[in-house]
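So the structure is just underneath, and the comments pick up after that.
What follows is calculated from the coordinates using simple rules that are stated; it is not laboratory data. Remember, predicted model here, so these are calculated numbers, not experimental data. Cβ sites come from the backbone with ideal geometry, for glycine too, and all protein chains shown count toward neighbours.
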Amino acid sequence: MTMKTMDSVQAKYEELAALDKKHFMHPTSSFKQQQEKGPGFIFTEGKGIYLKDVRGKQVIDALSSLWNVNIGHGREELAEAAMEQMKKLAFSSAFATNSHEPGIRLAEKVAEMTPGDLAMTFFTSGGSDANDTAFKTARYYWKLKGKPEKKKIISRQKSYHGVSVGASSATGLPAFRDFPSLAPDFYYVDSSIEALKEMIEREGAETIAAYIAEPVQGSGGVNLPPENYFKDIREICDQNDILFIADEVINGFGRTGKNFGIENFGVVPDMMVIAKGISSGYAPIGGMVISEPLKNELIELTEGVYMHGYTYSAHPMCCAVALKNLEIIEEENLIENVRNMGAELQKGFNWLADRHEEIGNIRGIGLLGAVEILKDKETNTRFSEPVSGKVVEEALNHGLLARSIVYEGQDTLAFAPPFCINKEEVDTIISIIDQSLTEVKKKGI
Ligand code: PLP
């Protein structure tokens, strides 16, 4: 860059930064930090695993932005699918008996991809509203069956289900529930079978509508379930007439190396919640998928109207984009690459652990991985001040955008790179983390 272009690039950044501070309220942000520091990156373009910002800095997007840009950035086919659909029919309603081809085709594709008898999809704009839809529908179902008192929803500690009133009430990370007057009838258990059994015993199965879990927890720190956990969960739910909802918002559409996270654990839920990877973030869309028996019962039992629908339920453009995204995942065998590169990522974590005694627990499946930073592995003691955030800051200087998770006293680095990543790029991520952790240690932790 010449001096002149550098000046104009800086001027553009400053103009946008000033406007950002003045008018742009950011999701999950610190209002104070925004005013003090201004925006870090103002992204302008992306290609593959890379993002570029207005000042020309390029970074590796090691979390696929928000665990969602699964096919990678800059795929023009998706832009073309959006344009084609918008030119033909930008929007029409899916309320009542209205329908459209992209919605129909996408619902068919989801039914084809999901395991077991999952059969019918209600589309939303994202994961939070899809979870709200699942909670409302589960309660509605029990009401239709003459059991309106079956309304409690049980979720797991460290779970993340979104931020709408219902979804944040289900979220097992207390930091997300720091708002007065969330929704009633949500309960949390740890990830043990005993905890769920005790909860059912205490509250009474006749008061519980559904149990919800991410097959592999994402935002809570990339936590895999204990062995056989979901087999037992399935059984307990069946024995107690409790609907089992799998929140596949992060896991779904290949992230764990299978179409859906729950497939790694050999059971089929009654309801599934999807979003993110269905469109790789190219268009906002999510959904609730229900099983064939549930669908049939709803048809049989409902007399009135299911009074639930978002204006943008099954937005035609979003459905068209999602269809193209799923086609690319299939045609380019991206889920196979997830498995192969996931194995490379885990090798990289092990290499890091050999070089740094602070790397504690290593977790992951497919291209969903995490390493925990510990002061003492033997006693599982953490550093008094989290280190992962400092590593992430240092990594940024080396061109890597990674994620630090510090809720619930954790000190974890999480990774979920795009499915199109290659071995060289995985190695680059690992080497930047190695360098960054070394530098953080040099400065003193
Ligand atoms: N469920 C899970 C497992 C998630 O990870 C998220 C978002 O990160 C959500 C639900 C909420 O989705 P959205 O942010 O699209 O509302």
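Need one number: nm distance between label points at Met25 and Leu298, each 7 Å from Cα along Cα→Cβ, rounded to one decimal.
For the pair Met25/Leu298, the computed spacing is 3.2 nm.
Could you give the angle, 0 to 90 degrees to the nearest 10, between helix 316-331's Cα long axis and the longest principal axis of the Cα atoms of the chain?
Taking the Cα atoms of the chain, the angle to 316-331 is about 70 degrees.
For Lys88, give me every one of the lysines with a C-alpha distance below 29 angstrom, ignoring sequence neighbours fewer than eight places off in its own chain.
Qualifying lysines at Cα under 29 Å: Lys47, Lys109, Lys276, Lys324.
Highest GNM mean-square fluctuation, the chain, Cα pairs closer than 10 Å: which of Ile274, Ile299, Ile329?
Ranking Ile274, Ile299, Ile329 by mean-square fluctuation puts Ile299 first.
Name the long-range amide H neighbours of Ala183: under 5 Å, sequence gap of 5 or more, or other chain; modelled H, no Pro or chain starts.
For Ala183, the qualifying residues are Ser169.
For a quick check, take a GNM of the chain with Cα springs below 10 Å and name the residue from Ser280, Ser431, Ser219 with the largest mean-square fluctuation.
Maximum fluctuation in the GNM of the chain, among the listed residues, is at Ser431.
Which lysines, on any chain, are close to Lys152 with Cα under 16 Å apart, when same-chain ones fewer than 8 places away are left out?
Excluding near neighbours in sequence, the set is Lys136, Lys143, Lys197.
How would the stretch 241-384 be classified by its alpha-carbon gyration tensor: rounded, prolate or oblate, with rounded meaning a/c under 1.5 and the a/b versus b/c comparison settling the rest?
Prolate, since a/c reaches 1.5 and a/b exceeds b/c.
Where is the GNM fluctuation largest for the chain (alpha-carbon springs, 10 angstrom cutoff): Lys37, Lys88, Lys390?
Lys37
Place the peptides 338-348, 223-233, 375-385, 172-182 in order of packing, highest mean first, counting for every residue the other Cβ atoms within 10 Å and averaging per peptide.
Ranked from most to least packed, the peptides come out as 338-348, 223-233, 172-182, 375-385.
At a Förster radius of 25 Å, what calculated FRET efficiency corresponds to the Cβ-Cβ distance of Val165 and Gln435, to the nearest 0.05?
0.05
Between Ala175 and Ile445, what is the spin-label point distance in nm, taking each point 7 Å from the Cα along the Cα→C-beta axis?
Distance between the two pseudo-spin positions: 1.7 nm.
Rounded, prolate or oblate for the stretch 62-138? Axes are the square roots of the Cα gyration tensor eigenvalues, ordered a ≥ b ≥ c, and the cut-off for rounded is a/c under 1.5.
Oblate shape, in that a/c is at least 1.5 and b/c is the bigger or equal ratio.
Show which lysines lie in cross-link reach of Lys441 when reach means a straight Cα distance below 26 angstrom and same-chain residues fewer than eight apart are skipped.
Lys37, Lys57, Lys347, Lys375, Lys377, Lys390
Angle check, please: helix 229-239 long axis (alpha carbons) against the longest principal axis of the chain (alpha carbons), in degrees 0 to 90, nearest 10.
Helix 229-239 and the main axis of the chain meet at about 20 degrees.
On full extension of the chain, what length is gained from Asp7 through Glu408, given 0.36 nm per residue of separation minus the C-alpha to C-alpha distance?
Length difference between fully extended and current span is 140.0 nm.
How big is the Kirkwood radius of the chain, worked out from every pair of different alpha carbons and given in Å to one decimal?
Over the chain, the inverse of the mean reciprocal pair distance is 23.0 Å.
So how much slack lies between Lys32 and Ala18, counting 0.36 nm per residue of separation and subtracting their Cα-Cα distance, in nm?
3.6 nm is the gain from fully extending Lys32 to Ala18.
Given a Förster radius of 22 Å and the C-beta distance between Ser384 and Glu357 as r, what FRET efficiency does 1/(1 + (r/R0)^6) yield to the nearest 0.05?
Using R0 = 22 Å, I get an efficiency of 0.80.
Once the convex hull of the alpha carbons of the stretch 394-445 is built, what does its volume come to per residue, in cubic angstrom?
Per-residue hull volume (Cα only) is 80 Å³.
Express as a percent, rounded to the nearest 5, the fraction of DSSP beta bridges in the chain (both residues included) that run antiparallel.
For the chain, the DSSP antiparallel bridge percentage is about 65.
With +1 on the Cβ of every Lys and Arg and -1 on the Cβ of every Asp and Glu, and nothing else charged, how large is the dipole of the chain about its Cα centre, in debye rounded to the nearest 20?
So the dipole magnitude of the chain works out to roughly 1060 debye.
In degrees, nearest 10, range 0 to 90: what is the angle between the Cα axis of helix 76-89 and the longest Cα principal axis of the chain?
Helix 76-89 and the main axis of the chain meet at about 40 degrees.
Tabulate in residue order the Karplus-calculated ³J(HN,Hα) for the stretch 261-266, using 6.51 cos²θ - 1.76 cosθ + 1.60 with θ = phi - 60°, rounded to whole Hz; enter x for Gly and Pro.
3J(HN,Hα) across the stretch 261-266, in whole Hz: x, 5, 5, 5, 10, x.
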